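Working notes, beginning with the structure itself.
Readers should treat all values here as calculations from the given coordinates under stated rules, not as data from a laboratory. Computed from a predicted structure; not experimentally measured. Note: ideal-geometry Cβ built from the backbone for every residue, glycine included; neighbour counts use all protein chains shown.
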Amino acid sequence: MSFLADVQGKLIVSCQALPDEPLHSSFIMGRMALAAKEGGAVAIRAQSSDDIREIQKVTGLPVIGLVKRNYEDSPIYITPTMAEVEDLLTTDCEMIALDMTDRPRPQGEKLPDLLARIHEGGRLVLADISTYEEGMAAAKLGADAISTTLSGYTPYSPQLSGPDVELVTALSRDLDLPVFAEGRINEPADIQRVMAAGAYAPIVGSAITRPQLITAKFAQALSV
Ligand SMILES: CC(=O)N[C@H](C=O)[C@@H](O)[C@H](O)[C@H](O)COP(=O)(O)O
């Protein structure tokens, strides 16, 4: 079965911890992914080639890979340039996620070149976008699936406390491609909302894999 067929209607869990986060460690991300698998995740979204290798070794699950890196000349940080694409192609990840928002990329790099290289490497492209227009444009450029990852993280997209259900609704209505619901899925009830809106599958991160944020919610409950 293909990756996309395997994940339809199932839970994907994002296991990421950057260097400034308490769980930053490929060993820990591997264990986190194993816990997610035990809980019912069928695929993992993961950051960095080291984490991807460890997660695939420990879980055997398919992975959506990305590399987060900041450049001075652009706000784009999710798989921004060919260097990160090449790094990810050294792993066995099935799909590569990259920022496909309508913003200039670092070093003047162009999306069509990145997509062509990912496809040549035999991987699928997941377009992380923040608006309806960006989702439609990503589909035209040849992305294999769209994710609402960046809604709320560009200055021109709505800043919501939960998932962008409207964006999921509009894109899944107007596109033949899978549309993943990602970003601020805070509780199980959010999954029912995004699936009813037409999502292909939900991708959940912080609510499952960032214990410092989960703890903060409980701690805050004491101060209200
Ligand atoms: C905006 C951005 O950089 N999102 C990142 C994308 O890879 C991750 O930090 C998120 O955890 C992931 O998108 C899942 O979302 P949430 O953690 O809200 O469930």
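Things to note:
- Highest-fluctuation residue, Ala43, Ala127, Ala139 considered, GNM on the chain with Cα pairs under 10 Å: Ala139
- Each of Phe218, Phe180 was scored by other Cβ atoms within 10 Å of its Cβ. Listed from fewest to most, they are Phe218, Phe180.
- Extension gain (nm, one decimal) between Ile28 and Glu166, 0.36 nm per residue minus Cα-Cα: 46.2 nm
- Listed peptides 98-108, 141-151 by packing density, highest first (mean Cβ within 10 Å): 141-151, 98-108
- Volume per residue for the stretch 96-224 equals 131 cubic angstrom (convex hull of Cα atoms).
- Database remark: amide H of Gly152 closer than 5 angstrom to the amide H of Ser157 (H placed geometrically; neighbours at sequence offset of 5 or more, or on other chains; Pro and chain starts carry no H).
- FRET efficiency, 1/(1 + (r/R0)^6) with R0 22 Å, evaluated for Asp50 and Asn186 via beta carbons: 0.15
- Residues in the stretch 178-185 carry Karplus couplings, in order, of x, 10, 8, 8, 9, x, 6, 7 Hz; the curve used is 6.51 cos²θ - 1.76 cosθ + 1.60 with θ = phi - 60°, and Gly or Pro positions show x.
- Rel. contact order, % - alpha carbon contacts under 8 angstrom, at least six apart, the chain: 16 percent
- Cα-based Lys proximity count in the chain, under 23 Å, for pairs eight or more positions apart or on separate chains: 6
- Label reach from Lys68 (point 7 Å along Cα→C-beta): in the stretch 117-131, amide nitrogens under 16 Å belong to 128-129.
- Kirkwood Rh and Cα Rg combined as Rg over Rh, evaluated for the stretch 3-221: 0.93
- Extension gain for Leu213-Glu21 works out to 68.1 nm (0.36 nm per residue, less the C-alpha to C-alpha distance).
- Estimated from helical segments only, the mean residue ellipticity of the chain at 222 nm is -11500 deg cm²/dmol, where each DSSP H run of four or more residues counts as -39500 (n - 2.57).
- Relative contact order of the stretch 88-182, pairs being alpha-carbon contacts under 8 Å that are 6 or more residues apart, as %: 24 percent
- Label-point separation in nm, Ala35 to Met195, each point 7 Å along Cα→Cβ: 2.3 nm
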